[in-house]
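The values are calculated or read from the model by the stated rules, or taken from the named source; none is laboratory data. Keep in mind that this is a model prediction, so the values were computed, not measured. Here the Cβ positions follow ideal geometry from the backbone for every residue, glycine too, while neighbour counts run over all protein chains shown.
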Amino acid sequence: MESTRPEPRWPASVALLACAALYVVLPSRLVVGPRWLLPILIALPLIPLSATKHRHPNESPWVRQLTIALIALITAVNVVSMALLVHHLLRSNVTQGRNLIYAAVAVWLTNVIVYGLWYWEIDRGGPHRRAGGGLEYPDIQFPQMENPTLAPPDWHPRFFDYLYTSFANGTSFAPADAMPLTLRVKALFAGESLVSLVTIAVVAARAVNILR
């Protein structure tokens, strides 16, 4: 089940840019600091990160450290935007339900994307180690790992596998086909579910009432 094929970098880069774009379309009252600051902080590091097309086992440690720092930054900013959204709902006389729904969708989509990046970067030490056939214990168990007959012999999870896992967890508030095995990934699953629950159950429900 291990593979020595390098992991392409472009899916994660596109995901980071998507998070920046979603942040730009948020209402001003949900933006932390200047609207342009977060997109620049995301886009500028992507220039050196994109110097190589793949994640390799022998890549420099700073590559993973910078990637994790970007993911952590987006996570923190998105949680603040969610908190501001809820605060605005509870403390203000909100009448623009349609704009509120759009904002909630942007926050929820960012949550799904950023946690997909977390799972991709955390599982078994990161994509560079998975591509090198590392023997670390998995943090997430996919069905193909439990039953190898469901996939080619060289199969290993790619970015879109982790993104789907994040989407499933963000919509059902529980793991779907991929199961968290380690404490750190269980904490990530719980964090994603919490943000999704607040966004969908509280924000979206309030917005629908406003539209009525």
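If you check Ala151, Ala72, Ala176, which single one turns out to be surrounded by fewer than 21 Cβ atoms within 10 Å (Cβ to Cβ) and under 26 Å from Ala21 (Cβ atoms)? Only one candidate passes the filter, namely Ala72.
Picking from residues in region 109-139 that are more than 19 Å from Arg64 (Cα to Cα) and among the hydrophobic types (A, V, I, L, M, F, W, C), the one that is surrounded by the fewest Cβ atoms within 10 Å (Cβ to Cβ) is Leu109.
For Ala168, the stated conditions do not hold, so it cannot be described as closer than 26 Å to Thr199 by Cα, assigned to a loop (DSSP other than H, G, I, E, B) and under 17 Å from the mean Cα position of the chain (by Cα). Residue-level analysis places Phe167 outside the set of residues that are modelled with pLDDT of 80 or more, out of contact with any Leu (no Cβ under 9 Å at 6 or more places or on another chain) and surrounded by fewer than 16 Cβ atoms within 10 Å (Cβ to Cβ). For Tyr162, state whether it is over 19 Å from Ile68 (Cα atoms) and either surrounded by fewer than 16 Cβ atoms within 10 Å (Cβ to Cβ) or among the hydroxyl-bearing types (Ser, Thr, Tyr) (or both). Against the criterion (over 19 Å from Ile68 (Cα atoms) and either surrounded by fewer than 16 Cβ atoms within 10 Å (Cβ to Cβ) or among the hydroxyl-bearing types (Ser, Thr, Tyr) (or both)), Tyr162 does not qualify.
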